[in-house]
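Structure record follows, encoded as structure tokens.
The values are calculated or read from the model by the stated rules, or taken from the named source; none is laboratory data. This structure is a prediction, so every number in the text was calculated from the model and none was measured. Using ideal geometry, Cβ is built from the backbone for each residue, glycine included, and neighbour counts are taken over all protein chains shown. These area figures cover heavy atoms from the full protein model, side chains too; ligands, DNA and RNA do not enter into them. Shrake-Rupley method; radii C 1.70, N 1.55, O 1.52, S 1.80 Å.
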Amino acid sequence: MAIALVTGASRGIGKACALHLARAGYDVALLARTVSEGEAREHSSTVHRSDTTPLPGSLDTTADLVRAAGARAETVPADLLDRASVQAAVDLVLERHGRVDVLVNNGRYIGPGHMDLLLDTPVELLDAHLEANVMAPLTLTRAVLPGMIAAGKGLIVNMTSHVAWADPPAAAGNGGWGLGYAISKGALHRAAGVLAHEVAGTGVLVVNVSPGFIATERMAADMGTFGFAASAGAPPDVVGAAVAWLATHDEAAEWNGKTLSAQKFCKEHQLLAGWPA
């Protein structure tokens, strides 16, 4: 069976992508830090306070759901800030399965600096954004791309964001977002257009997927104090359905090197029953 590797798969968009790919016939390798429910990690978006309250979600929980959908699930714990652990995780998947057919670069840096002003943000946190949001996805892409090219097919999805091309309405903490998030998402966003030329004619696709505002578990827990109400977001399944479509339709080739707006696409193609209401 075809194998997909999804990062940030313990909750939110990554979890939804894993489930929809499983329902579409893919076995799924799940990469994230949180292995079991209840693990405490720093997830505050600002240097001004700490929050290690456990968030809902884990690799174990997602794996159970993938198996319930009839697919095989494999957990490969790794930290996007630890390049060696990222490389080891993808090497393990390649060793066990021989290839990766779909790579979903969804995981990103979570922690202080995300919603801070530049002068309040230690330079090391800017480095952290770039490592997790740019270098980790590129490390994974370099690892899986040769096998995809040899097989004559494959899909790499980079989860982008409108912060990659749009200016915020205000400063971070007042309705806007931090520079680390914007510059790292902007850097990853540029990869698809470049790589699309490199893989042209090989059967491999590299596509940006823009989720839009999504009501994830972390959004509900953390972002209300910054003026972002999770209740206004679309469900993560919207993104999962769009990614599964890309992985299963020949027409996806027209999106090579381009950016697919998940909410718009899901609505136009009626990919998710009951949404929008």
Per-residue [θ]222 nm for the chain (sum of -39500 (n - 2.57) over DSSP H runs n ≥ 4, rounded to 500):
-12000 deg cm²/dmol
Size of charge dipole - segment 156-272 - debye, nearest 20, with Cβ of Lys, Arg +1 and Asp, Glu -1, no other charges:
220
Considering only protein heavy atoms, what is the solvent-accessible area of S36 at a probe of 1.4 Å, reported in Å² to the nearest 10?
50
Enumerate the lysines that K267 could reach by cross-link, defined here as Cα to Cα under 26 Å, with residues fewer than 8 away along the same chain left out.
K15, K185, K258
With unit charges on the beta carbon (Lys/Arg positive, Asp/Glu negative), name the residue among L80, G180, N105 whose Cα is farthest towards the positive pole of the charge dipole of the chain.
N105
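Top to bottom by accessible area (1.4 Å), largest first, where do D127, D60 land? Kindly include the intermediate steps, with their values, before the conclusion.
Values: D127 90, D60 60 Å².
Ranked from most to least accessible, the order is D127, D60.
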Whose amide H sits under 5 Å from the amide H of L272, counting only residues 5 or more places off or on another chain, with H placed in the peptide plane?
none
All-pairs Cα distance distribution in segment 135-277, expressed in whole percent, bin size 10 Å:
11, 36, 34, 16, 2
Convex hull projection area averaged over all views, the chain, Cα basis, nm²
13.4
Quick one: Karplus J couplings for segment 113-119, per residue in order, coefficients 6.51, -1.76, 1.60, θ = phi - 60°, nearest Hz, x for Gly and Pro?
x, 5, 10, 10, 5, 4, 5
Could you pull out every residue, at least 5 positions away or on a different chain, whose amide H is within less than 5 Å of the one on T160? Hs are placed 1.01 Å off N in the peptide plane, and Pro or chain starts have none.
V209, S210
Between G212, G180, G152, find the one with the highest GNM mean-square fluctuation for the chain; connect C-alpha pairs within less than 10 Å.
G152
Could you give me the ³J(HN,Hα) list for segment 31-37, computed from phi with Karplus coefficients 6.51, -1.76, 1.60 and θ = phi - 60°, whole Hz, x at Gly and Pro?
10, 5, 8, 7, 7, 10, 4
In terms of the charge dipole of the chain, which places +1 on Lys and Arg and -1 on Asp and Glu at the beta carbon, the residue among V93, Q270, P122 farthest towards the positive end is Q270
Using modelled backbone amide H atoms (1.01 Å from N, in-plane), which distant-in-sequence or interchain residues come within less than 5 Å of E74's amide H?
V28, A29, L30
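Which value results when the Cα radius of gyration for segment 202-277 is divided by 2.2 N^0.38 Å? Write down the numbers at each step before the final one.
Details: Rg = 14.0 Å, N = 76, 2.2 N^0.38 = 11.4 Å.
Against the compact-globule rule of thumb, the ratio is 1.23.
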